[in-house]
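The values are calculated or read from the model by the stated rules, or taken from the named source; none is laboratory data. The structure displayed is predicted, hence computed values, not measured ones. Quick reminder, even Gly has a Cβ in these numbers, built from the backbone with ideal geometry, and neighbours come from all protein chains shown.
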Amino acid sequence: MASLYKRNSVWYVAEYIGGRRVYRSTKTTRKPDALRFLSQFHDTPPKPRVASFSAFLRDFLAFSQSNLAPSSYRCYKRVCKDFLSFAGNVPIDAVGPVDIEKFKIARLKTVKPVSVNIELRMLKAAFGYAVKWGLIEKSPFKGVSFVRIPQQQPAFLVEGDIRKLLEVVDHPHLRDIILFAVHTGMRRGEIVNLRWENIDFDHRVITVTSGNGFRTKTGRLYRIPMNETVYQTLGGRDKFAEYVFCGESGRRFSEGYITHRFKAYVRLAGLPESIHFHSLRHTFASTLARMGVPLFDIQKLLNHSQISTTMVYSHLMPEHLRASVERLTLSMN
């Protein structure tokens, strides 16, 4: 039997369909109007929809686990559960912009603005799927703004910094990983999941692809040419196991282990705290930009989906390239 349910001053009709409790908004705050809506409810049966945010979360996380990279899935799982704890197990169509704004304010008290924006983007994407699946009419993120953050250039290392870092690295496997990352720009997860079958020494090409529980960030296969440093680094490693970078047991290094060991070396070398493992990827791109490599080529090497992501390195391009762009602008006036 259908019954009325009040949430944020708005009345909802609740009814069990197929063993699940579903909700439909009456779009009114007046109980008499809600009662009239209830009396006509069976004449206009509601569409089957998610009963609650937790029910949607189960379906969305199952989808994420199958279609996204494991690291992305873990992030979505954490952020969505944080929001569930904050907002409560409410009907998904009862979540509005006010709830998002309150969540944003609460999170700013405990984490950095950059982290809050990451969480908001992930929640926005999740609610986007709710719209796509027909569970809600529009996203509660309509009109919600992200936290304003002054634009910062990504932290990267120059040649002298790399030498200082390598001088304190006492672990041969970690030294190889750092050299490899600086000269390929590959992401941490791509490096620790790299297999020997993906290395073509004859053509000096590395194939970065998903497989066996790992998914690239974009889901796409891409290839990176090996320079002499990468070729020699890989050629000097024992091929006793499936993974290129692994311990004596043959098990691949975990991403967390790489992160923590790298940070310890950064501090030991006296480098800025802003340097982290992903900075090696920025170092790769920044070095290419300073050498005058076209941004389109850098985009392909980094496997960026959009050139706008790669544009963050444009300020490092040599002055003669800047002058070329300026002449083009002047000729159009």
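Look at Phe262 and say whether it is at pLDDT 90 or above, aromatic (Phe, Trp, Tyr) and assigned to a helix (DSSP H, G or I).
Judged against the criteria, Phe262 is a match.
The set of residues in segment 97-132 that are among the β-branched types (Val, Ile, Thr) and part of a helix (DSSP H, G or I) comprises Val98, Ile100, Ile105, Val114, Val116, Ile118, Val131. Note on segment 99-117: residues that are within 16 Å of the chain's Cα centre (by Cα) and either of a type in the set (Phe, Trp, Tyr) or loosely packed, with under 15 Cβ neighbours inside 10 Å (or both) amount to 2. You will find that of Ile224, Ile206, the residue that is touching an Asp or Glu at 6+ places or on another chain (Cβ under 8 Å), assigned by TED's automatic domain parsing to the domain that holds Thr184 and within 26 Å of Ile307 (Cβ to Cβ) is Ile206 and no other. Test Thr283 against the criterion of being assigned to a helix (DSSP H, G or I), in the same structural domain as Tyr313 (by TED's automatic domain parsing), over 17 Å from Glu159 (Cβ atoms) and of a type in the set (Val, Ile, Thr), and give yes or no. Here the answer is no, as Thr283 does not meet what is asked. The residues of segment 188-245 that are in contact with a helix residue (DSSP H, G or I) (Cβ under 8 Å, 6 or more places away or on another chain), closer than 23 Å to His282 by Cβ and of a type in the set (D, E, K, R), listed by number, are Arg188, Arg215, Lys217.
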